[in-house]
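Working notes, beginning with the structure itself.
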Amino acid sequence: MTYKKDTTLVHAGRRKAYTGNLVNPMVARASTIVFDSIAAQQNAEQHRNEYVDSYGRRGTTTSYAFKEAMCELEGAAACYLYPCGTAAITSCLLVFASAGDHILVVDSVYQPTRFFCDGTLSRMGVEVEYYDPLIGENISSLIRHNTRLIFLESPGSLTMEVQDIPAIVKAAQQHEVITMIDNTYASPLNLRPLDFGIDISIHSATKYLNGHSDIMLGVASANEQHATQLIDGSYELGHCASPDDVYTTLRGLRTLSVRMRHQAEAALDIAQWLERHELVDHVRHPALASCPGSTEFLRDYQGNSSLFSFVLNADSQNALAAMIDNMEHFALGYSWGGYESLILANRHFEDKRTTVPWQAAGPVIRVSIGLEDVDDLKQDLSLGLQRYKENL
Ligand SMILES: *Cc1c(COP(=O)(O)O)cnc(C)c1O
């Protein structure tokens, strides 16, 4: 039986085998898991990619519960857990790309993904080419005989360009190229990439899924065709996740929908309000027309999330410090998707964009809108922008 998403978020992963008579699964910590018999050990070996106890690295009931929930939410055949989102991304790339392959990676990709592509992957003989996030169906022209995979991230988590996912998937499928997407922005609530024909969907569960800025976790979900390679390859790399972090994320998942709805509504409200500010050149919120790819966003996504950026129309490091150093509610920090508001500013993109150089009169300010009152957040931003202006 399939449920609507809100119900799935409550039900998923709560099989009696994982919970006993408790509401939630237990935190099962383990390295060794002992077998009742030789036959039980053999059975575990034969079903090593299923939820059968064998060894701590393969997971415990806590991770089976979370994986089951993620597969249901993503519509996936299988998923694998990693100690953080970056490990999920690098592992998927390592597991599917080989020496001599050419891969296409979106130019607006999360910077640590780029570090890995330019570092380890290149050193291992994989040729990496960055494509314009707005390329759409023209991606066909970049596909070569040895193109192995396309790595998407949409919207790009800093400048927020939205990609034409169906057009890219169509071109990839015509050439038998694997597609992977960093789906952290949308969470499974706002985009189910596998429904669009994407082969592998990756999340930094550190962000919305956990939602409380207190753990790190990554998850990759695959369709039937790529499930075994994903699991076997990731297991070979030795990845596993802490049962405590998995439990915390499973707990976060229960409230994902209410958090997301509230934060998304507040984010859109604040983004529209910022559009009218004299210092704001334009707002990069994927649901607003000023964001490249907003048409595709409104077509493909179920909704927006709490993350967006805005570009200022004047540049000054001093003004930026005057603004950001004195914020009341927006803390300066990496990451996003937690219950608390965050802010981050970027003035230099030379090493972040190589195919489509970034041009703007002022810095890009990215905010993650938390669960605080919207009026308090607007006031904080308003006073911050006033300080910016006074220090230009
Ligand atoms: C944070 C982030 C990651 C990496 O996740 P970690 O859990 O911090 O390693 C990957 N992709 C995007 C878009 C992110 O924002």
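Considering only residues that are out of contact with any Ser or Thr (no Cβ under 7 Å at 6 or more places or on another chain) and assigned to a loop (DSSP other than H, G, I, E, B), which ones fall in the range 212-258?
The answer is H212, N223, G238, C240, S242, T255.
Restricting attention to the range 180-200, which residues are of a type in the set (A, V, I, L, M, F, W, C) and not in a loop (DSSP other than H, G, I, E, B)? Show your work before the answer.
Residues of the range 180-200 of a type in the set (A, V, I, L, M, F, W, C): 180-181, 186, 189, 191, 194, 196, 198, 200.
The answer is M180, I181, L189, L194, F196, I200.
May I ask you to list pairs of residues, at least six apart or on different chains, whose Cβ atoms are under 7 Å apart, with the first in the range 247-263 being farther than 19 Å from N304 by Cα and the second being at pLDDT below 95 and open to solvent by 50 Å² or more (accessible area, probe 1.4 Å)?
Close Cβ pairs (under 7 Å, with a partner that is at pLDDT below 95 and open to solvent by 50 Å² or more (accessible area, probe 1.4 Å)) do not exist here.
Which condition from (1) loosely packed, with under 14 Cβ neighbours inside 10 Å; (2) among the acidic types (D, E); (3) in contact (Cβ under 8 Å) with a residue 12 or more places away in the chain is the one that D325 breaks?
Going through the list (1) loosely packed, with under 14 Cβ neighbours inside 10 Å; (2) among the acidic types (D, E); (3) in contact (Cβ under 8 Å) with a residue 12 or more places away in the chain, D325 breaks only (3).
When the range 336-353 is examined, which residues are found to be assigned to a loop (DSSP other than H, G, I, E, B), at pLDDT 95 or above and open to solvent by 20 Å² or more (accessible area, probe 1.4 Å)?
Across the range 336-353, the qualifying residues are Y339, E340.
State all residues of the range 373-386 that are surrounded by fewer than 18 Cβ atoms within 10 Å (Cβ to Cβ) and either basic (K, R) or under 16 Å from L274 (Cβ atoms) (or both); if no residue qualifies, say none. Before you say what the answer is, go through the steps one by one.
Kept after step one, since they are surrounded by fewer than 18 Cβ atoms within 10 Å (Cβ to Cβ), are these residues of the range 373-386: 373-376, 378-379, 382-383, 386.
If the condition is that a residue be surrounded by fewer than 18 Cβ atoms within 10 Å (Cβ to Cβ) and either basic (K, R) or under 16 Å from L274 (Cβ atoms) (or both), then V374, D375, D376, K378, Q379, S382, L383, Q386 are the ones that fit.
Would you please name the residue that is farthest from the chain's Cα centre (by Cα), looking only at residues in the range 75-90 that are farther than 23 Å from Y3 by Cα and surrounded by fewer than 23 Cβ atoms within 10 Å (Cβ to Cβ)?
Ranking the qualifying residues of the range 75-90, first place goes to P83.
With respect to the numbered conditions (1) touching a Phe, Trp or Tyr at 6+ places or on another chain (Cβ under 6 Å); (2) open to solvent by 20 Å² or more (accessible area, probe 1.4 Å), which one is the sole condition not fulfilled by A220?
The number of the failed condition is (2).
Test S187 against the stated conditions and say whether it is in contact (Cβ under 8 Å) with a residue 60 or more places away in the chain, among the small types (G, A, S) and more than 20 Å from P292 (Cβ to Cβ).
Yes; evaluated as a whole, the condition is true for this residue.
Go through the residues of the range 228-239 one by one and say whether even a single one is surrounded by 21 or more Cβ atoms within 10 Å (Cβ to Cβ), within 16 Å of the ligand (Cβ to nearest atom), outside the structural domain of L371 (by TED's automatic domain parsing) and of a type outside the set (D, E, K, R).
yes
Can you confirm whether the range 289-310 contains a residue that is among the β-branched types (V, I, T) and either surrounded by 14 or more Cβ atoms within 10 Å (Cβ to Cβ) or in contact (Cβ under 8 Å) with a residue 60 or more places away in the chain (or both)?
Within the range 289-310, the subset among the β-branched types (V, I, T) is 295.
Subsequent filtering for residues that are either surrounded by 14 or more Cβ atoms within 10 Å (Cβ to Cβ) or in contact (Cβ under 8 Å) with a residue 60 or more places away in the chain (or both) retains none.
No; the residues of the range 289-310 include none that is among the β-branched types (V, I, T) and either surrounded by 14 or more Cβ atoms within 10 Å (Cβ to Cβ) or in contact (Cβ under 8 Å) with a residue 60 or more places away in the chain (or both).
Of all residues in the range 334-361, how many are of a type outside the set (A, V, I, L, M, F, W, C), in contact with a strand residue (DSSP E or B) (Cβ under 6 Å, 6 or more places away or on another chain) and within 16 Å of the ligand (Cβ to nearest atom)?
Result for the range 334-361: 1.
Could you tell me how many of the residues in the range 60-74 are surrounded by fewer than 22 Cβ atoms within 10 Å (Cβ to Cβ) and out of contact with any helix residue (DSSP H, G or I) (no Cβ under 6 Å at 6 or more places or on another chain)?
The total comes to 2.
Look at the range 1-59 and say how many of its residues are of a type in the set (A, V, I, L, M), open to solvent by 60 Å² or more (accessible area, probe 1.4 Å) and outside any helix (DSSP H, G or I).
Of the residues in the range 1-59, 5 are of a type in the set (A, V, I, L, M), open to solvent by 60 Å² or more (accessible area, probe 1.4 Å) and outside any helix (DSSP H, G or I).
Restricting to the range 104-144, what's the tally of residues that are of a type in the set (S, T, N, Q) and touching a strand residue (DSSP E or B) at 6+ places or on another chain (Cβ under 8 Å)?
Qualifying residue count, the range 104-144: 3.
Tell me, which residue of the range 61-79 that is assigned to a loop (DSSP other than H, G, I, E, B) and out of contact with any Cys (no Cβ under 8 Å at 6 or more places or on another chain) is farthest from the ligand (Cβ to nearest atom)?
Top of the filtered list is G75.
The values are calculated or read from the model by the stated rules, or taken from the named source; none is laboratory data. Because the structure is a prediction, the values reported are computed rather than measured. For neighbour counting, all protein chains shown are included, and Cβ atoms are generated from backbone atoms with ideal geometry for every residue, glycine included. For accessibility, only protein heavy atoms count, side chains too; no ligands or nucleic acids. Shrake-Rupley method; radii C 1.70, N 1.55, O 1.52, S 1.80 Å.
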